[in-house]
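First up is the structure itself, then whatever we jot down about it.
The values are calculated or read from the model by the stated rules, or taken from the named source; none is laboratory data. It should be emphasised that the depicted structure is a prediction, and the values quoted were computed from it without experimental measurement. When we count neighbours, we look across all protein chains shown, and the Cβ atoms used for this are built from the backbone with ideal geometry, even at glycine.
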Amino acid sequence: MLSVFEAREGDEGMNQFEELHGLYFEDLAVGQTAIFAKTVTETDIVLFAGLTGDNNPVHINEVFAAATPFSGRIAHGMLTASFVSTVLGTKLPGPGAIYLSQTLRFKAPVRAGDTVVARATVKELLPEKRRCTLTTTISVDDKVVLEGEAVVLVAARPIAAQPARMAAEVGE
């Protein structure tokens, strides 16, 4: 069996690590953006409460939640925020990126049945540290319900892969 760092026959140098890996620092540019969209379900809220132990009745008890300023149950703020992690870890920069920090400002509640759109946009690149700062938002029906900023560490392209990539870019 091959290790994840060994190429398989016929893969032209591609290996499982490279196939799984997202973008490298050299692939990023200010203004790049990616989204993830999902309809939040009752099951998501109940599972999140069970997984985290956050059984605040504003999330799981309709009678209690009806008497709050929200007039009904709402999704956990951190459940909503986790969709930012989905964008960063699966799309931009994608697999291999390491989450370093995140600021969050909750602007409106999310409820079961809402479709959230999480967006990350590259704001700044620090090549000497391979750090990428992204603005992050989550919207429901074009209304921003969460905003913030994330910083991720992004791997440099492996040296062995750079000559082949550069040759391909210049058409050799």
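Here are some conditions: (1) closer than 20 Å to residue 18 by Cα; (2) buried (at least 18 other Cβ atoms within 10 Å of the Cβ); (3) at pLDDT 95 or above. Residue 153 meets all but one. Which one does it not meet?
Residue 153 satisfies every listed condition except (2).
Could you check how many residues of region 12-51 are more than 19 Å from residue 118 (Cα to Cα) and of a type in the set (Ser, Thr, Tyr)?
So the count comes out to 2.
Across region 45-84, what is the total count of residues that are in contact with a strand residue (DSSP E or B) (Cβ under 8 Å, 6 or more places away or on another chain) and either surrounded by fewer than 17 Cβ atoms within 10 Å (Cβ to Cβ) or among the acidic types (Asp, Glu) (or both)?
Looking only at that region, the number is 1.
Check region 24-38 and report whether any residue there is closer than 30 Å to residue 129 by Cβ, surrounded by 13 or more Cβ atoms within 10 Å (Cβ to Cβ), among the hydroxyl-bearing types (Ser, Thr, Tyr) and touching a residue at least 24 places away in the same chain (Cβ under 8 Å).
Looking for residues that are closer than 30 Å to residue 129 by Cβ, surrounded by 13 or more Cβ atoms within 10 Å (Cβ to Cβ), among the hydroxyl-bearing types (Ser, Thr, Tyr) and touching a residue at least 24 places away in the same chain (Cβ under 8 Å), one finds at least one in region 24-38, hence yes.
Are any of the residues in region 121-137 among the polar types (S, T, N, Q), farther than 30 Å from residue 158 by Cβ and under 18 Å from the mean Cα position of the chain (by Cα)?
yes
Quickly run through region 82-107 and pick out the residues that are of a type outside the set (Val, Ile, Thr) and either over 21 Å from residue 22 (Cα atoms) or over 10 Å from the mean Cα position of the chain (by Cα) (or both).
96, 100, 101, 102, 104, 105, 106, 107, listed by residue number.
Over 30 Å from residue 132 (Cβ atoms) and either free of Cβ contacts under 8 Å to residues at least 40 places away in the same chain or not acidic (Asp, Glu) (or both), is that true of residue 86?
no
Would you confirm whether any residue within region 59-77 is touching a residue at least 40 places away in the same chain (Cβ under 8 Å), touching a Gly at 6+ places or on another chain (Cβ under 9 Å) and more than 20 Å from residue 38 (Cβ to Cβ)?
No - not one qualifying residue is present in region 59-77.
If a residue must be out of contact with any Asp or Glu (no Cβ under 9 Å at 6 or more places or on another chain), farther than 11 Å from residue 97 by Cβ and not hydrophobic (A, V, I, L, M, F, W, C), how many such residues does region 19-38 contain?
Within region 19-38, residues that are out of contact with any Asp or Glu (no Cβ under 9 Å at 6 or more places or on another chain), farther than 11 Å from residue 97 by Cβ and not hydrophobic (A, V, I, L, M, F, W, C) number 5.
With 84, 116 as the choices, which residue is under 16 Å from residue 32 (Cβ atoms) and β-branched (Val, Ile, Thr)?
Among 84, 116, only 84 is under 16 Å from residue 32 (Cβ atoms) and β-branched (Val, Ile, Thr).
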